[in-house]
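Asks: Sharing a structure, written as structure tokens. Questions coming.
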Amino acid sequence: MSEQQQTRSSRIRGTGRRRKEPSVRTKAATVTAWAAAGAVLLGGTGLGYVYFKLNGNLQAVDINTQLGGDRPDDVDNGSLDILVLGSDSRSGDNAKYGEDEGGARSDTAMVMHVYEGHKKASLVSIPRDTLITRPTCTSDSGGGTVPGGEHRMFNTAYQVGGPACAVKTVEKMSGIRMDHYVEVDFTGFKKLVDDLGGVEITTTQSINDDKSHFALKPGTHTLDGEQSLGLVRTRKSVGDGSDLGRIQLQQAFMKALINQVKDVGLLTSPKKLYDLADSATKTVTTDSDLASVNELVSFAGGLKGIGPGDMKMVTLPVRYDPADPNRVLPLQRQSKRVWDALRQDRPVPASATKGSAGDQGGAGKVVQSQ
């Protein structure tokens, strides 16, 4: 176990915020499904064993304790803001995706804003190569601080200070307090897709990317976990070859994934339900407020009415750095309009992202969901 993993496993839980209890009907359906899964797979040993096992899969990060009071106000208006990260650690089972450079980085970063009423959501992707002002953070390797500074790549926040530094950086950028943190691991992502039975997409052109080891002809395909991971890591062979094009692929795949989850009929297949629950709880690291099966079930229940058509997906307004075409800089006025809209629980205006390099990645129509 790495030093970073040891640090994570030792963190304690914090206090909860903002969540609303699911309806009686939702609770009843959930309990029935968990009980059925336990009876079928565990020979009738009961829901208690299933609950204990799945709880034991979860890893938690105590964001509240680490960040203390130096955070934006917690506005209790019924909305939710969640930072979702995809970790690109190359250690352990992830080693075949690249050389281990001594630390993980946030390969994918998205702020998901769930509007009051939990019927719609906006999702803002933050390019990992964005040059931002990184705040001073506590070192994730144990003890000490890591100085911040200007013109630091966004994904280095996770590398030097772990989840807490990533959250702190996003909160400083946006002025919005994150209610939750969810991190998804490469290997677990593959298993989750395989347990779903794959994800169906349609490609409008050939993709052949040596870096992500992914190749696909135009047409409709059901991608397994390995292929899905290759797709969301593809950047060199689509659009302009930038990270902005890769973000467009990720957003299209996320819509397809949501469609797939809604279509698999979990309550009619206890084994599939259990397999997915087992994979999901092994795949994610959450803030300590979500680090129990009960909390995750409640959280997911509150989002169940949001489909792909109810999600507005945008990329943080940026421009290419004149000094380095491999880096991007936030468009300050337009970015502020995006964050202000979310803070006020309003839709992101189309004019806020107009002209942004994030809308010009060239991969927006390469992948379509069914």
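The values are calculated or read from the model by the stated rules, or taken from the named source; none is laboratory data. Just so it is clear, the model here is predicted, and its values are computed rather than measured. Virtual Cβ from ideal backbone geometry, glycine too; neighbours counted across all protein chains shown. Ligands, DNA and RNA are excluded from the accessible area calculation, which covers all protein heavy atoms including side chains. Shrake-Rupley method; radii C 1.70, N 1.55, O 1.52, S 1.80 Å.
Asks: Residue-wise, which Karplus ³J(HN,Hα) couplings in Hz belong to segment 137-150, taking 6.51 cos²θ - 1.76 cosθ + 1.60, θ = phi - 60°, and x for glycine or proline?
Replies: Rounded to whole hertz, the list is 10, 6, 4, 7, 8, x, x, x, 10, 10, x, x, x, 7.
Asks: If you add up the charges near S237, with Lys and Arg at +1 and Asp and Glu at -1, over every other residue whose beta carbon is less than 14 angstrom from its beta carbon, what do you get?
Replies: +2
Asks: What's the FRET efficiency of V261 with A350 using the Cβ-Cβ distance as r and R₀ = 35 Å, to the nearest 0.05?
Replies: 0.80
Asks: Next question, about the same structure. Identify all lysines with a Cα-Cα distance to K168 below 21 Å; exclude those on the same chain that are fewer than 8 residues away in sequence.
Replies: Cross-link targets: K336.
Asks: Figure the gain on full extension for D340 and T145 (residue separation times 0.36 nm, minus the Cα-Cα span) and round it to one decimal in nm.
Replies: This chain segment gains 67.2 nm when fully extended.
Asks: What FRET efficiency do you get for E226 and K365 if R0 is 30 Å and r is their Cβ-Cβ distance, rounded to the nearest 0.05?
Replies: Using R0 = 30 Å, I get an efficiency of 0.80.
Asks: Per residue, how much accessible area does segment 171-238 have with a 1.4 Å probe, in Å²?
Replies: Here the per-residue accessible area is 40 Å².
Asks: Using θ = phi - 60° and the Karplus relation 6.51 cos²θ - 1.76 cosθ + 1.60, list the HN-Hα couplings for segment 52-69 in order, rounded to whole Hz, with x at every Gly or Pro.
Replies: 5, 5, 5, 4, x, 6, 6, 10, 10, 10, 8, 4, 4, 5, 5, 8, x, x
Asks: Carbon-plus-sulfur fraction of the accessible area of segment 152-220, 1.4 Å probe, in percent?
Replies: 49 percent
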